[in-house]
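Structure record follows, encoded as structure tokens.
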């Protein structure tokens with residue numbers, strides 16, 4: 001499936017969107033609904049049932065890695081002329097996360113606070129919600145945005161150690177990361193944004209939805225203005241310039257889950273916190289994913305996504321030009337019925353295609369991931385993944401940068417419940 005055929009169309013579906021923000025938002029609603037109602041579910045964060053007790057929960061998990069990676073680089077010692085190291089090996093704490101949450105039946109309110117502790121402490125989840133009906137839950141705060149199904153899962157629950165390449169890229173490009181050197185070149189969103197979410201599911205869990213309006217800056221980035229100038233990350237934006245996203249899922253057929261999501265994140269003439277830098281951001285993406293569940297815990301999954309990154313810096317010329325167009329797909333086969341269902345094995349192929357406006361060159365990166373995992377009680381999971389990479393460009397074709405990763409995941413969870421005595 002050559003990348004050029006997709007990218008040369010310049011993702012023409014963008015051009016048919018109406019110019020007003022409300023029309024753009026309803027266009028995405030219609031597209032996502034049409035895709036998902038035909039066929040898969042799981043927003044993950046929605047409260048599936050209303051308990052009748054006050055409850056508090058405390059949980060967390062850690063991921064300890066050993067990685068062996070080929071890093072072919074062609075470098076040599078400046079004095080001796082000996083070849084520099086061509087491998088990267090070592091141990092690391094890949095993730096260390098803590099979460100605290102609760103539910104109060106008398107007010108139908110729930111909340112969640114989560115933080116990452118590896119490298120530096122940062123806030124992940126911080127939201128409060130109200131459970132009015134299975135079809136209507138309102139959430140206010142910082143949480144995961146509507147996106148690909150594997151991005152909505154906790155990293156501790158994914159079948160492979162890492163998500164597919166196209167999902168990982170989309171998770172960052174939908175916010176303010178830039179494809180060129182600059183202030184936001186390496187910004188991390190953590191798949192989250194601050195805003196207002198509405199989600200729900202049907203009584204038989206056959207259909208689920210998630211709509212969100214957010215800042216569009218990613219986790220822990222906010223608008224300051226004069227009042228919060230020093231504590232904000234941006235100084236000013238136009239009214240109505242937000243992240244608009246939606247995800248819809250269905251399980252109309254019991255063994256098939258199909259979902260689709262899309263988002264628009266457009267900010268015109270945004271002023272950075274230095275009150276001098278003026279930027280224009282335009283991010284759009286769409287994704288569809290499907291899972292087939294078979295006996296003996298065999299699962300076949302597929303995903304297709306595409307998007308664009310439109311940027312203009314300090315009023316520079318071409319607002320209609322895309323700094324980056326990207327698309328990609330992945331397919332995975334997973335089996336988990338070995339040795340008393342403790343051992344799971346899988347293989348995944350994914351392709352990520354992208355084109356920069358600067359050189360109009362089209363790139364296509366392929367990855368094949370082979371994985372085996374062993375579960376020793378729910379608290380301990382051992383995973384082994386080997387990632388084989390292949391590039392289509394001639395100058396990168398022989399590059400050796402395959403990766404072997406061993407992951408040890410430990411988790412804990414504790415909950416406390418108090419009977420509500422019929423109140424609420």
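The values are calculated or read from the model by the stated rules, or taken from the named source; none is laboratory data. Every value quoted in this text rests on a predicted model; they were computed, and no experiment measured them. No Cβ is skipped: glycine too gets one built from the backbone with ideal geometry, and neighbour counts run over all protein chains shown.
Conditions (1) at pLDDT 85 or above; (2) closer than 17 Å to residue 176 by Cβ; (3) within 17 Å of the chain's Cα centre (by Cα); (4) not in a strand (DSSP E or B), marked per residue:
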{"residue": "262", "(1), (2), (3), (4)": "yes, no, yes, no"}
{"residue": "267", "(1), (2), (3), (4)": "yes, yes, no, no"}
{"residue": "279", "(1), (2), (3), (4)": "no, yes, no, no"}
{"residue": "284", "(1), (2), (3), (4)": "yes, yes, yes, no"}
{"residue": "304", "(1), (2), (3), (4)": "yes, no, yes, no"}
{"residue": "312", "(1), (2), (3), (4)": "no, yes, no, no"}
{"residue": "325", "(1), (2), (3), (4)": "yes, no, no, no"}
{"residue": "333", "(1), (2), (3), (4)": "yes, no, no, no"}
- Message: Could you check the range 172-210 and list, in sequence order, the residues that are surrounded by fewer than 19 Cβ atoms within 10 Å (Cβ to Cβ), touching a strand residue (DSSP E or B) at 6+ places or on another chain (Cβ under 6 Å) and closer than 23 Å to residue 238 by Cα?
- Response: 196
- residue 59 fails exactly one of the following numbered conditions: (1) modelled with pLDDT under 85; (2) surrounded by 15 or more Cβ atoms within 10 Å (Cβ to Cβ); (3) over 26 Å from residue 260 (Cβ atoms). What is the number of that condition? (1)
- Query: Would a scan of the range 70-88 turn up a residue that is at pLDDT 90 or above and touching a strand residue (DSSP E or B) at 6+ places or on another chain (Cβ under 8 Å)?
  - Reply: no
- Item | Criterion violated by residue 341 - all others in (1) at pLDDT below 75; (2) out of contact with any helix residue (DSSP H, G or I) (no Cβ under 9 Å at 6 or more places or on another chain) satisfied | (2)
- Message: All but one of (1) out of contact with any strand residue (DSSP E or B) (no Cβ under 6 Å at 6 or more places or on another chain); (2) closer than 30 Å to residue 311 by Cβ; (3) surrounded by 14 or more Cβ atoms within 10 Å (Cβ to Cβ) hold for residue 119; state the number of the condition that does not hold.
- Response: (3)
- Query: Does the range 390-398 include one or more residues that are under 30 Å from residue 295 (Cβ atoms) and either part of a loop (DSSP other than H, G, I, E, B) or at pLDDT 85 or above (or both)?
  - Reply: no
